[in-house]
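Quick notes on the structure that follows.
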Amino acid sequence: TAIDTLKLKGLKPGSLLMEALYTVECIAPASLRLQRYLPATVIRTVVTLDGKDLSHILSYEKLSPLLERIPSQTAQTLAKQAQPQVELLINAAEIIAKEKMPEIIKAAENMMLTEQRAELTRLIALSEINANIREEEMLTLKNNAEEMAHCLAGASLRLNAIRLIMAI
């Protein structure tokens, strides 16, 4: 259990924050190579008990040097005592991460559709001068695009790591 302390103006001593890292996951057949459009994507949140996201204020680069690690034994004791608050923080972080996810999915879908449309347009133009381009190639391309869009729509979040931060 990672628990750090943070001394920062504006944070009331004893208040608890949580930094959470989520990964956007999309399950799809390997043949679709969907990772071209949605590579491993991390969503980082820093939440307060009242559900505010401070990740835009406390970037990783700003936050990390300000933190001091609590010894492991003490951290485990504190984590057990703070279990109800930790559950609230995890729920708040997940809500925020879910709010950020559609933008990531939409960007991946737009990139995929742009590329697939360009490829389909290329195949159609090529088929007009080359009889070896079969209709089924174009149909396969359309079907793959539909399947990729369906897979992207089913993307989910996976919680990878949390770090509790106690203001002092």
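The values are calculated or read from the model by the stated rules, or taken from the named source; none is laboratory data. This structure is a prediction, so every number in the text was calculated from the model and none was measured. So basically every Cβ, Gly included, is an ideal-geometry build from the backbone, and we count neighbours across all protein chains shown. Surface areas here come from the heavy atoms of the whole protein model, side chains and all, with no ligands, DNA or RNA. Shrake-Rupley method; radii C 1.70, N 1.55, O 1.52, S 1.80 Å.
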Handout entry: Residue in the range 17-51 that is surrounded by the fewest Cβ atoms within 10 Å (Cβ to Cβ), counting only those that are among the hydroxyl-bearing types (Ser, Thr, Tyr) and touching a helix residue (DSSP H, G or I) at 6+ places or on another chain (Cβ under 6 Å)
Key = THR41
Handout entry: Residue tally, condition assigned to a loop (DSSP other than H, G, I, E, B) and aliphatic (A, V, I, L, M), over the range 21-36
Key = 2
Problem - Pair list, Cβ < 6 Å and 6+ apart or interchain, from the range 150-168 residues that are under 21 Å from GLN85 (Cα atoms) to residues that are of a type in the set (Gly, Ala, Ser) and outside any strand (DSSP E or B) - result: ARG163/ALA2; ALA167/SER15
Handout entry: Output for the range 52-87, where each listed residue is under 30 Å from CYS151 (Cα atoms) and surrounded by 13 or more Cβ atoms within 10 Å (Cβ to Cβ)
Key = ASP53, SER55
Exercise for the section: Of all residues in the range 115-165, count the ones that are open to solvent by less than 50 Å² (accessible area, probe 1.4 Å) and within 30 Å of LEU89 (Cβ to Cβ). Expected result: 7
Fill in the blank from the handout: In the range 1-34, anything at pLDDT below 95, within 21 Å of MET101 (Cβ to Cβ) and of a type in the set (S, T, N, Q) is listed as none
